[in-house]
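Each remark here refers to the structure printed beneath this line.
The values are calculated or read from the model by the stated rules, or taken from the named source; none is laboratory data. Worth saying up front: this structure is predicted, and the values here are computed from it rather than measured. Please note: Cβ atoms are built from the backbone with ideal geometry, for glycine as well, and neighbour counts cover all protein chains shown. Just the protein is used for accessible areas: all its heavy atoms, side chains included, with ligands, DNA and RNA removed. Shrake-Rupley method; radii C 1.70, N 1.55, O 1.52, S 1.80 Å.
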Amino acid sequence: MTARPENIHQARLLLLLRGEGARSRAELGDVVRLSRSKLAVELDRLAELGLVEPAGLAASRGGRRSGIVRIASGLRFAGIDIGATSIDVAVTNGELEVLGHMSAPADIRDGPAAVLAQARELLGKLRARGIAGELHGTGIGLPGPVSFPEGIPIAPPIMPGWDRYPVREAMGQELGCPVLVDNDVNIMALGELHAGLARSVDDFLLVKIGTGIGCGIVVGGQIYHGVSGSAGDIGHIQVDDHGPVCPCGNTGCLEAYFGGAALARDALAAGRSNRSAFLAARLAENGVLTAEDVGAGAIAGDAVTLGMVRDGGRRVGRVLAGLVSFFNPGLVIIAGGVAGLGHVLLAQVRSAIYQRSLPLATGNLPIVLSELEESAGVIGATRLISDHVFAGRA
């Protein structure tokens, strides 16, 4: 059984050391406001549990030098970020520094048994490198709605065979450690909160534009899940009564216009009809077209692909404008594979939000591209499970 803190004081100390790094006992005492004797008792107990360890002596404050304490160097957390078309797996230490990271193509439609086995295989390769013996916890992100208390996906539109599959229970048994499961956009938001552009922001939106479109909502430094775990599923907000059919079964959803699959669909139509010479050439060369081809066309100055990016960015921006007026966040981060379309996309999203949202909500609102790229999800997944373990929850 993974060692856990035994009380709130120990939990606060662990979370502080995780976020701030090694600290002297005197510095820790200043922050947590415990007496010197009580602090010593709690730190000694954490050391006995194998959760912290000594790290030398601090500079003198005018008397006896205080001992430095850090998160135990042997602690290991795993983060698994499962997308519609890929899997990212990482192992971190207790301070959530990435020690090893692997990615591989995957197809979420292959079902839970095959995809989770592939994730475990990647994790096994990382552990074979000697960077992880015992795992103290694993966080997992999935590309669909998740019932967070149960750790199961609920009616995910692009995940056939996954509905109510016991992901947390199955992976916990296989890995022999605590496991938590959340939506992939939520864990990306946690990654930004821990190591990205949102480190000093308590209220923000993380918008992932990939195969699907979702939004992580952070309120007071915590993920907002909603009653049933579907908060932030903005890809299925209807933007046109008579638009294309979405994988969810409705028509005119935002995702049906500007998700990765929608861009590939529109690119194929433009290539086959020769409306875009660039896409027609790519189609002739590769036989297929993807959202990446649209991005390449936009970078090359192809008018048709630029139009696709600008139109999609406007649609996303219009949806976000309503959310910004309603939620009044301190930051909006755009992430995901389609976000790789870059500043052409960002300019359209910004323009729509600034034009349509309330001036009071946008007066000091940064709207930026993520800088963490593919590491946001795995870092966020380890943040999720380490929050759980360091808080002493069962």
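Could you name every one of the helices (runs of 4 or more DSSP H) located completely within the range 3-88 that has at least 2 residues being farther than 19 Å from Leu384 by Cα and open to solvent by 10 Å² or more (accessible area, probe 1.4 Å)?
Of the helices (runs of 4 or more DSSP H) lying wholly inside the range 3-88, those with at least 2 residues that are farther than 19 Å from Leu384 by Cα and open to solvent by 10 Å² or more (accessible area, probe 1.4 Å) span 25-32, 36-48.
Under the condition of being open to solvent by less than 20 Å² (accessible area, probe 1.4 Å) and touching a residue at least 60 places away in the same chain (Cβ under 8 Å), which residue from the range 225-280 is nearest to Thr305 (Cα to Cα)?
Residue satisfying both the conditions and the ranking: Leu263.
State the number of residues belonging to the range 172-194 that are within 13 Å of Ile333 (Cα to Cα) and open to solvent by 30 Å² or more (accessible area, probe 1.4 Å).
0
Looking at the range 128-150, which of the residues that are among the small types (Gly, Ala, Ser) and out of contact with any Pro (no Cβ under 7 Å at 6 or more places or on another chain) is nearest to Gly94 (Cα to Cα)?
Ranking the candidates gives Ala132 first.
Report the residue count in the range 344-355 for those that are more than 14 Å from Val309 (Cα to Cα) and either without any contact (Cβ under 8 Å) to a residue 12 or more places away in the chain or open to solvent by 10 Å² or more (accessible area, probe 1.4 Å) (or both).
Total meeting the criteria: 2.
Glu174: out of contact with any Lys or Arg (no Cβ under 7 Å at 6 or more places or on another chain), of a type outside the set (Lys, Arg) and not in a strand (DSSP E or B), yes or no?
Answer is no for this residue.
Which condition number in (1) open to solvent by less than 40 Å² (accessible area, probe 1.4 Å); (2) over 30 Å from Leu99 (Cβ atoms); (3) modelled with pLDDT of 95 or more is the one that Ala381 fails?
Of (1) open to solvent by less than 40 Å² (accessible area, probe 1.4 Å); (2) over 30 Å from Leu99 (Cβ atoms); (3) modelled with pLDDT of 95 or more, only one is false for Ala381: (2).
Of the residues Val316, Val332, which single one is closer than 17 Å to Asp203 by Cα, among the aliphatic types (A, V, I, L, M), modelled with pLDDT of 95 or more and open to solvent by less than 10 Å² (accessible area, probe 1.4 Å)?
Val332
What tally of residues in the range 354-368 results from selecting those that are aliphatic (A, V, I, L, M) and at pLDDT below 95?
3
So, of the residues in the range 356-394 that are of a type in the set (Ser, Thr, Tyr), in contact (Cβ under 8 Å) with a residue 40 or more places away in the chain and in a helix (DSSP H, G or I), which turns out to be farthest from Gly221 (Cα to Cα)?
Ser375
What are the residues in the range 218-259 that are part of a helix (DSSP H, G or I), within 26 Å of Leu190 (Cβ to Cβ) and aromatic (Phe, Trp, Tyr), if any?
The answer is Phe258, and nothing else.
Testing Leu341 on (1) open to solvent by less than 10 Å² (accessible area, probe 1.4 Å); (2) closer than 19 Å to Tyr257 by Cα, one condition comes back false. Which one is that?
Single failed check for Leu341: (1).
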